[in-house]
Every structure is written in C-alpha cells, then in structure tokens.
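Below is one structure; the comments refer to it alone.
The values are calculated or read from the model by the stated rules, or taken from the named source; none is laboratory data. Computed from a prediction, not measured in an experiment: that's the story for all the values here. Cβ placement follows ideal geometry from the backbone for every residue including glycine, while neighbour counts extend to all protein chains displayed.
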Amino acid sequence: MAAAACPGRTAALVEARVAQVLSAPIAVDDDIALVARTRQGATPAESALLDVVEVFVADVHAVDDEVFDTLRPWFTEPEIVAVLMHAGLCDGFARWSLAEVG
C-alpha cells in the first residue's frame, strides 16, 4: 500500500493559499504567503498545486480528472490525495475560524 504525506514547504503553501482565498486570519510565514499569492519563486509543481488549491477551495466539486491531470506530471496519486486531504483540513479549519470570528 502506497503512503504519502504533504511535507514542509508544500504544506505551508497549501495553508497559505487556503487562508488567502478565504481571507482567513491564519498566521503564515511572509515568504511563503508571497509565493502562494504571486507564484514568484514557486516551482512549476508548486504553481500547479496552488492553482488546484484555489479550485478546491472555491468549489470542491470542480476538482475533476482534468484538474488532477495538472498535478500528475509532478505528483504521484498518493501524493495528490495527501495534498488534497491537507487542503481539505486547512479549508475546514479556516472556515471554522471565520465562523467563530463572524
């Protein structure tokens, strides 16, 4: 059985982009936040991932095979699942924090 994780910088970029898309009050490193927002300094894999995270947060049902295909050149299937699981957790916690604030 394959196992994968959403490591370090990848996880931080996912967290930053989810927070940015939702305007959530989540603390992220300034350098990571800049990369997540502008793609400056992002690798092609990171840029594709950030695009998918935006789609995921805006409308999870829009994440179809075509969207997955943009990640396949850089990520294995288990890695894609791990990254999107992390995005889902971040999305849930960000929306929860917004509900508590509002």
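One residue stands out in the range 31-50 among those that are within 20 Å of Phe93 (Cα to Cα) and of a type outside the set (Gly, Ala, Ser): the one that is surrounded by the fewest Cβ atoms within 10 Å (Cβ to Cβ), namely Arg37. Scanning the range 59-102 for residues being within 19 Å of Val28 (Cβ to Cβ), at pLDDT 90 or above, small (Gly, Ala, Ser) and surrounded by fewer than 16 Cβ atoms within 10 Å (Cβ to Cβ) gives a total of 2.
Inspect all residues belonging to the range 2-24 and state whether any of them is in contact with a Lys or Arg (Cβ under 8 Å, 6 or more places away or on another chain) and among the β-branched types (Val, Ile, Thr). Looking for residues that are in contact with a Lys or Arg (Cβ under 8 Å, 6 or more places away or on another chain) and among the β-branched types (Val, Ile, Thr), one finds none in the range 2-24, hence no. The test for being at pLDDT below 90, over 22 Å from Leu98 (Cβ atoms) and surrounded by fewer than 15 Cβ atoms within 10 Å (Cβ to Cβ) holds for Ala2.
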